[in-house]
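Have a look at the structure below before the remarks.
The values are calculated or read from the model by the stated rules, or taken from the named source; none is laboratory data. Owing to the predicted nature of the structure, the values given are computational and were not obtained by experimental measurement. Heads up, the Cβs are rebuilt from the backbone with ideal geometry, glycines too, and the neighbour counts pull from every protein chain shown. The area values use the complete protein model at the heavy-atom level, side chains included, leaving out ligands, DNA and RNA. Shrake-Rupley method; radii C 1.70, N 1.55, O 1.52, S 1.80 Å.
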Amino acid sequence: MKVCSVINQKGGVGKTTTTINLGGALALMGKKVLLIDLDPQGNLSSGLDIDPSLIESKNVYHALVGQNKLVENVCETSVKNLYVIPSDNNLAGAEVELVDVKAREFKLKESFTEHLDNFDFALIDCPPSLGLLTINALSASDSYLIPMQSEFFAMQGLANILQTAKLVKRGLNPKLEEDGILLTMFDSRSNLSKQVYHEIKQFVGDRLYHNVIPRRVRLAESTSHGIPGVIYDPNCMGARSYIEVAKEFILRSQGLRMQPSQKQAFLPPDPVDRLGKKEPTI
Ligand code: ATP
Ligand code: MG
């Protein structure tokens, strides 16, 4: 099983929407997928319409504080191949309870057992902070994916995320790798979105996903119906983009990159390279 944390300390950038739809898209492709809700807001759990009374008995909190193992908290969803370990507000208490516990950064990792090996992928939806919950997620992961909103201040905060990941890799989890950076809520009609894409691309190169996620109300709507957007309206632009991102995610998990020619038509050409061979675009 490959474990990937979806992280960004900034709120509202599309972490949960990405976890649900990337997970849903992978499940549609026949992969067996486990989504772990590591955010006390519980948005992933409500976005998949998990019964609140079930969340009391099956909760990532129990595994984190050592009451049981992760596998005992797995719930089915309405989507074939897609499973979830839910959370709710109780999880906020875990951060406090773990403060004095030895090796508190490894509590999530310790709760993984071989029973989970029949999943192909686990995606961990992290809270908007780089605190103990996110550190636990990174310690238990093979990789991390950073969704970033297509806005002017997008790059602010990226250095903090990368520094945290570097510290975790150095001190806690040497196998941790960056999966990539995914631009979300992209407005194909706005020059600002294109400019942000261009700037980030110049800064991070092909660490940026070739595909971006457009801003589409259907994606927001689907969450309120408790169904991943890729199932709710598979033909909408948002859903199709997440399917493309899932293909790219699988390639990246094998250490490969998608060809630039496969990127979406509305994206600007790649920025000028250092030797100036390509035409400047902006
Ligand atoms: P938090 O940090 O609070 O956990 P988050 O990073 O998980 O937030 P989401 O909850 O996924 O962010 O998204 C924030 C809001 O933006 C939600 O209302 C969601 O429905 C909406 N949203 C996310 N992605 C898109 C999109 N591509 N198009 C339109 N709306 C979107
Ligand atoms: Mg969220």
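Computed values, structure above
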{"quantity": "Qualifying positions in the range 77-101 - among the hydrophobic types (A, V, I, L, M, F, W, C) and in a loop (DSSP other than H, G, I, E, B)", "calculated": "79, 98, 99, 101"}
{"quantity": "Selection from the range 216-265 of residues that are charged (D, E, K, R) and within 25 Å of residue 84 (Cα to Cα)", "calculated": "216, 218, 221, 233, 240, 244, 247, 248, 252"}
{"quantity": "Residues being more than 10 Å from ligand 2 (Cβ to nearest atom), of a type in the set (A, V, I, L, M) and either open to solvent by less than 30 Å² (accessible area, probe 1.4 Å) or at positive phi (or both) - total across the range 5-37", "calculated": "9"}
{"quantity": "Single match in 245, 230 (criterion: under 24 Å from residue 153 (Cβ atoms), of a type in the set (A, V, I, L, M, F, W, C), at pLDDT 95 or above and out of contact with any Ser or Thr (no Cβ under 6 Å at 6 or more places or on another chain))", "calculated": "245"}
{"quantity": "Given (1) modelled with pLDDT under 90; (2) assigned to a loop (DSSP other than H, G, I, E, B), index of the condition residue 199 fails", "calculated": "(2)"}
{"quantity": "Contacts under 7 angstrom Cβ, first residue in the range 101-122 being charged (D, E, K, R), partner in a helix (DSSP H, G or I), 6 or more apart", "calculated": "104/132; 105/135; 105/136; 105/139; 107/64; 107/136; 109/139"}
{"quantity": "The listed residue being within 16 Å of ligand 2 (Cβ to nearest atom) and over 13 Å from the mean Cα position of the chain (by Cα), out of 78, 46, 53", "calculated": "46"}
{"quantity": "Qualifying residue in the range 181-193 (condition: within 10 Å of ligand 1 (Cβ to nearest atom), under 19 Å from the mean Cα position of the chain (by Cα) and more than 13 Å from residue 18 (Cα to Cα))", "calculated": "yes"}
{"quantity": "Output for the range 199-214, where each listed residue is more than 16 Å from ligand 2 (Cβ to nearest atom) and either surrounded by 20 or more Cβ atoms within 10 Å (Cβ to Cβ) or β-branched (Val, Ile, Thr) (or both)", "calculated": "200, 201, 204, 208, 209, 210, 211, 212, 214"}
{"quantity": "Every residue from the range 7-54 that is more than 16 Å from ligand 1 (Cβ to nearest atom) and either under 18 Å from residue 215 (Cβ atoms) or in contact with a Phe, Trp or Tyr (Cβ under 7 Å, 6 or more places away or on another chain) (or both)", "calculated": "26, 31, 32, 33, 34"}
